[in-house]
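None of the figures in this text is laboratory data; all of them are computed from the coordinates on show. Predicted model only: the values in this text are computed from it and were never measured. Here Cβ is always computed from backbone atoms with ideal geometry, including for glycine, and neighbour counts include all displayed protein chains.
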Amino acid sequence: MFNKTATLLLVILVLFSILQCAKQPAVKQDVSIDHFVGRWALSLSGGAGWLEVRQEENYLDADILWYGGSVIPVDNVVFKDNTLIITRNRRVIRKKDEAGNPIRTQTLTTLLELFLKEGELIGKQISPKKDGIGVEVNEFTGKKIPDLPAAPDLSGIKFGQPITLFNGKDLAGWELIDSTRQNGFKVEDGALINNVVQVDGQPHIHYGNLRTVEKFEDFNLKMQVNIPKGSNSGIYLRGIYEVQVYDSYKKGLDSHHMGAIYSRITPTVAAEKPAGLWQDFDITLCDRHVTVILNGKKIINNQPLLGVTGGALTADEFSPGPIYFQGDHGIVSYRNIVLTPIVNL
């Protein structure tokens, strides 16, 4: 019954997509699947995404990042008539028993329809509304990401003058990414502290992320961070690559733990300290490669960045961008924040 239901929904979504295209004609580039294979930077409405399409031995496959969260595999990929069709499924709980156990779940299938126009990816996301009445359609575009260069020789790079990003006194040089959100950041005893206070019985407060006003290209970034037990934050390099800040002491290696490039690069060694202690970060971003030294141990060694991470301000990996700290996750403190730009490659 599940397979029949999912198939019927997929057919309905495909038919709807065709009807949408009929209403808004677009000239599709005559292409083969080879034109889609590769990594794509997705420009979404109000955010960024990423897609990698692969031709496996006997099938097509793809991984996707949609706004926030992690890079995840899609459920299916089909190429037909110059169009790539990707499906993503999400289980939703419809009913629970008195103990809170699910007794009825359904699968919502989202369809992505992609074609090429003058080398640009033109996309349409078609999602059923949760109540089953109608669908939502969102359009987006994508650009092919150039192949990664070889890992840079870090011993030969030259640096400019160090820039102190935080003066230890106030928030000069910093601003909220979204000025409509609550600012949880303040300065105490020379530290930049984010405290996300929620009051029981009161509406949830949405705290904002804090960014530097200035933008940067490649650099070395040093700072100290103090993360309380169970808390979570993130350091975004150029506003697009997140270095995870998380209380993961003794939790093992994972791409979501302290010092990882979130959901992309897992540290080779666990170097985090117990919660509540100041920890030292030494991060180098150079030519789409990253090195992370945590508490004096090299945990990521000049590894390639395949694309942006969840929460990126843009899908563009080739323009200057700010340093930004997540302010909407948990309590965290930063201090001694110094960026030294790379002046030659």
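Taking 12 Å as the straight-line reach from the Cα of LYS250, the aspartates and glutamates in range (excluding those fewer than 8 positions away in the same chain) are GLU272.
Looking at the chain, I'd like the Rg to Rh ratio, where Rg is from alpha-carbon atoms and Rh is Kirkwood's inverse mean 1/r. In the chain, Rg relative to Rh is 1.00. Mind scanning LYS169/LYS229; LYS169/LYS273; LYS222/LYS273 and naming the pairs with a C-alpha gap bigger than 22 Å? Over 22 Å Cα-Cα: LYS169/LYS229; LYS169/LYS273.
Dividing the helix sum by the residues of the chain, where each DSSP H run of 4 or more adds -39500 (n - 2.57), gives a mean residue ellipticity at 222 nm of -2000 deg cm²/dmol.
Got the relative contact order for the chain handy, in percent, Cα pairs under 8 Å and 6 or more residues apart? Don't jump to the answer; show the numbers that get you there.
Numbers: 811 pairs, mean separation 65.4, N = 345.
Value for the chain: 19 percent.
How fast does the range 154-341 diffuse by Stokes-Einstein, in µm²/s, taking the Kirkwood radius from C-alpha pairs at 25 °C and 0.890 mPa s? Stokes-Einstein gives a translational diffusion coefficient of 148 µm²/s. Over the range 152-216, all Cα pairs binned in 10 Å intervals from 0 give whole-percent P(r) values of 18, 36, 24, 16, 5, 1, listed from short to long. Using the structure shown, list the pairs from LYS158/LYS215; LYS251/LYS297; LYS117/LYS215; LYS117/LYS144 with a Cα-Cα distance above 21 Å, or answer none. Pairs exceeding 21 Å: LYS117/LYS215.
Placing unit charges on the Cβ atoms only, positive for Lys and Arg and negative for Asp and Glu, gives the range 205-345 a dipole magnitude near 400 debye about its Cα centre. Can you give the angle from 0 to 90° between the axis of helix 2-23 and the longest principal axis of the chain, with both taken from C-alpha atoms, to the nearest 10? Taking the Cα atoms of the chain, the angle to 2-23 is about 90 degrees.
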